[in-house]
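What follows draws every value from the coordinates through simple rules; no lab data is involved. The structure displayed is predicted, hence computed values, not measured ones. When we count neighbours, we look across all protein chains shown, and the Cβ atoms used for this are built from the backbone with ideal geometry, even at glycine.
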Amino acid sequence: MKHCWILAGALALAGCQNMDAVAPWVDVGNQVARNAGYDTDSRLATGIKETLYTSTDRASARLSQAGAFHLRLPPAARPVAESLRQFGFGSYVDQLETAMNRGAEQAVAEAAPVFKQAITGMTVNDALGIIRGGDTAATDYFRGQTEATLRRRYQPIVEVNLRRTGFYDQYKSMLAVYDKLPIANKPDMHLERYIIDSSMATLFSRIGEEEALIRKDPVARGSILIGQVFGAAQGQ
């Protein structure tokens, strides 16, 4: 009856490509395996959690390295930055952009414990929903579970790095005045928000890339268990 479980895993992989037609057979295969004494749902959930551990660890490790980010000032601020460079104040722009990138890298390192907590709290039903989803279903679920917490953690890290430039307080004072100006359709000049949005978009994009690679070649990119979950176990 071991092959009943393997069938369920194979159908789960096929479901990523044509889930509407295959989903009923996934449920049938799971039920057969459960009747035979195999806790298929729990094993699938374990495989999905391992996929998330692997993809988030890889993404976080790469993006927390120095030089991983290449952020520039927000588009709305770039004309000002170019003017500063023309008048010999380019070093201030460089300091600010360096602080932005170091802050993004350090903030990503804070994501690991948040990710692990979210994975630990994942239910079997959550995992089965991911199995039935698209190529980045795990990443999409994950973002919904962690984004608010990550934003709270990122804020002080980004602020500390910006303060190191020595003119953070002046920038905040200028921003307070700017926000009160009666100008329609004002560009967003909030630097912290821009850094957090940009770094989080990059982080979840990288996690999604890792997930897609794992789904494509689960054994080579993940593990035997992940390979079994996605119907690609070796030696079967």
Report summary line: For Thr123 and Ala66, extending 7 Å from Cα along the Cα-Cβ vector and measuring point to point gives, in nm, a value of 4.6 nm
Query - Label-point separation in nm, Ser42 to Ala148, each point 7 Å along Cα→Cβ - result: 3.1 nm
Query raised in the report: By average Cβ neighbour count within 10 Å, what is the ranking of 90-96, 156-162, 120-126 from highest down?
Result: 156-162, 90-96, 120-126
Query raised in the report: What net charge do the residues around Arg85 carry, taking every other residue with its C-beta under 13 Å from that of Arg85, with Lys and Arg at +1 and Asp and Glu at -1?
Result: -1
Query raised in the report: Relative to the present Cα-Cα distance, how much length would full extension add between Ala112 and Val177 at 0.36 nm per residue of separation?
Result: 19.7 nm
Report task. First check a/c for the range 38-133, with a ≥ b ≥ c the square roots of the eigenvalues of its C-alpha gyration tensor; if it is under 1.5, answer rounded, and if not, answer prolate when a/b is larger than b/c or oblate otherwise. Result -> prolate
Report task. Calculate one ³J(HN,Hα) per residue across the range 134-142 by plugging θ = phi - 60° into the Karplus curve 6.51 cos²θ - 1.76 cosθ + 1.60, and present them in order as whole Hz with x for glycine and proline. Result -> x, 5, 10, 4, 5, 5, 4, 4, 4
**Report entry** 14 Å Cα-Cα reach of Lys172 towards aspartates and glutamates, excluding residues that sit fewer than 8 places from it in its own chain
**Finding:** Glu159, Asp188, Glu192
